[in-house]
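Just so you know, all these numbers are worked out from the coordinates, no wet-lab data involved. Quick caveat, the model's predicted, so the values are computed rather than measured. Positions of Cβ are backbone-derived with ideal geometry, glycine not excepted, and every protein chain shown enters the neighbour counts.
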Amino acid sequence: MTEINSSIAVQKEEGQVWYIHGHLPVFHHEEDDVGSFRMFTSQMIVNGTVKPKEIVKAFGVPSITVKRYVKVYRDHGAKGFYQSKARQSSASVLKGEVLERARTLLDEGRSVPEVASETKVLANTLHKAIRAGRLPAPQKNRTRRHECNHHQKRAQPERQPSADGKCDDTFAGTSRGGDGGTGIGADRISNGVRCAPRRRVAGIAGAAGARTAAL
């Protein structure tokens, strides 16, 4: 038996916890019934039978926890320790006018955090709805993906004619010469590098011919 104070003690026996006032048991609960423990200790504190620090010392529970459940008892009484909290799914929160408002804001280009603040719906709930297809992706994300695709298309090299009038199909990894053969290793050489030497040779030959004519 453990004394809580000079008036009341607690004793555990065969899986049951007994609270004894003087020589008489006044309450008991199962050893693992945390709700009943919190309720009765809070009740004794509110009634003035024990002090919060005595519960902390006797049971080794944090002071902040004792204060929290004393407040529950003051606000809701004994039933506050046994009522289960109803959990709402994201589907039940995000529906009707709220769903339509969120869809409109996203279509206007508002970010998920902004929509969450506007509709009073958790951002995590909005992300789940977007992944499930119930809401559109944010407009900014769709614009960013379009711009990336546009830049990728512009980045692809075009087939340009070389100095001898033939086209280098560098992007395909081949280069066709005048004899129709395929140049191995052309995929390592860009169009600019292949064409530049030919243009330079043509320029040198032209300059040499001009000097010969002058002589």
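Per-structure values
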| read-out | value |
| --- | --- |
| Pairwise centroid distance, computed over Cα atoms, of region 4-21 with region 36-52, Å | 13 Å |
| For 76, 23, 29, order by how many other beta-carbon atoms lie within 10 Å, fewest first | 23, 76, 29 |
| Sorted by Cβ density within 10 Å, fewest first, the residues 127, 28 | 127, 28 |
| Bins of 10 Å, starting at 0 and running to the largest distance - Cα pair percent for region 2-81 | 19, 56, 25, 0 |
| Ranked packing of 3-12, 65-74, most packed first, by mean Cβ within 10 Å | 65-74, 3-12 |
